[in-house]
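Everything on this sheet refers to the single structure shown next.
FYI, it's all coordinate maths here, none of it is from the lab. These numbers were taken from a predicted model, which means no experiment stands behind them. Ideal geometry is used to build each Cβ from the backbone, glycine not excepted, and the neighbour counts take in all protein chains shown.
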Amino acid sequence: MWDRDLLSGQVALVTGASSGIGRACAEALARAGARVAVNHLPAETAEARSLVGSIRDAGGEAIPVVADVSTEDQVRSMFAEVVGAFGTLHILVNNAGIQSDAAFTDMTLDQWRKVIEINLTGQFLCAREAVREFLRRGPQPEVSKALGKIVCMSSVHQTIPWAGHANYAASKGGLALLMQTIAQEFASHRIRVNAIAPGAIRTPINRDAWSSEEAAEELLALIPYGRIGEPGDIADAVCWLVSDLSDYVTGTTLYVDGGMTLYPGFRENG
Ligand code: NAD
């Protein structure tokens, strides 16, 4: 666990923070000293309030901010609210995401659009507002060496094709080049943009894959490290990636996957 000095004086926004990986990131960033805006959908107000309460009880600072990340005016209002409350923003964790799975021939246009709109367009809208705010505020070298930091929550499926999940894999594959392009465009401004590609992490998005013993066993066959990941595994990596400890890292994807992308099927020579 990181100590409070790691991110003290910094403001972070985590999208989709009321559950799973986003929740763990918000908690970890607050423990590392950042003031945290907890983005959530209207239906998850109770969960977001309880997270904000637990961060405050632990001595941290947090506020809930409601917005659907795929809606431009809601994203703009959310950023205005965060800057209004905390003065600026230093860290964006672009985390909100969904799955809507179907065999390719059965996938509806609505399913395709919804996943692309939240997982890809949502990350574009939030990253654009974040970069605008970093540029508006200007350098604060006493707070961080970088002007601002963005972490895009991707997936091992930016690399591994995934039958039955064409919309999701396409959204994460697109995200890889969106992340690198923003990183390239703003590196000279000292804005760092990176992605984390989680493997199988125990959260509500993939409950079916780990909740029964049989499913968990099948999943473990894909993970050389021999355990399913926990949201904290991702949160710790996020804290490092947004801190000055990784100041020379930009445009990179950090795979946090227990070796899932090591082609475990080839372990015994394929
Ligand atoms: P989760 O379902 O617990 O969290 C997703 C969060 O996004 C929820 O809080 C949900 O309310 C929020 N969200 C959905 N649509 C939104 C919208 N339009 N606006 C704002 N918030 C919205 O699942 P998770 O596993 O914590 O997923 C977080 C991220 O991690 C996603 O981008 C997912 O693709 C990625 N990921 C997860 C895994 C895994 O194994 N759990 C693996 C790879 C990548």
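Dividing the convex hull volume of the alpha-carbon atoms in the stretch 1-131 by its residue count gives 107 Å³ per residue.
Output the 0 to 90 degree angle, nearest 10, between the alpha-carbon long axis of helix 72-86 and the longest principal axis computed from the alpha carbons of the chain. Long axis of 72-86 versus the principal axis of the chain: about 50 degrees.
For the chain, the mean residue ellipticity at 222 nm estimated from helices alone is -12500 deg cm²/dmol, where every DSSP H run of n ≥ 4 contributes -39500 (n - 2.57) and the total is divided by all residues, rounded to the nearest 500. Label zone (Glu268, point 7 Å along Cα-to-C-beta; backbone nitrogen cut-off 16 Å) within the stretch 197-236: 218, 220-224.
Mind checking which of Ala169, Ala30, Ala46 has the largest fluctuation in a GNM of the chain, springs on alpha carbons under 10 Å? Result for the chain, Cα springs under 10 Å: Ala46 fluctuates most.
Classify the stretch 1-43 as rounded, prolate or oblate, taking a ≥ b ≥ c as the square roots of the eigenvalues of its Cα gyration tensor: rounded when a/c is under 1.5, otherwise prolate if a/b is larger than b/c and oblate if not. Since a/c reaches 1.5 but b/c is at least a/b, the shape of the stretch 1-43 is classed as oblate. Pick from Ala183, Ala127, Ala216: which is most flexible by mean-square fluctuation in a GNM of the chain where alpha carbon atoms under 10 Å apart are linked? Among Ala183, Ala127, Ala216, the largest GNM mean-square fluctuation belongs to Ala216. Between Trp112 and Ala43, the distance separating the two model label sites (each 7 Å from Cα on the Cα→Cβ line) works out to 2.4 nm.
Here the convex hull built on the C-alpha positions of the chain has a volume of 136 cubic angstrom per residue. Among rounded, prolate and oblate, which fits the stretch 130-270 when a ≥ b ≥ c are the square roots of the eigenvalues of its C-alpha gyration tensor, a/c under 1.5 means rounded, and a/b larger than b/c means prolate? Verdict is prolate for the stretch 130-270.
When the square roots of the Cα gyration tensor eigenvalues are ordered a ≥ b ≥ c, the ratio a/c for the stretch 102-164 is 1.5 or more and a/b does not exceed b/c, which makes its shape oblate. The order of the peptides 193-203, 235-245, 219-229, 75-85 by mean Cβ neighbours within 10 Å, most packed first, is 193-203, 235-245, 75-85, 219-229. Roughly how far apart, in whole Å, are the Cα centres of the stretch 12-40 and the stretch 204-270? Here the answer is 20 Å between Cα centres. Exposure proxy shown here: for Val156, Val38, Val93, the number of other Cβ atoms within 10 Å sets the order, fewest to most, as Val156, Val38, Val93. Helix 45-57 axis versus longest C-alpha principal axis of the chain: approximately 60°, rounded to the nearest ten.
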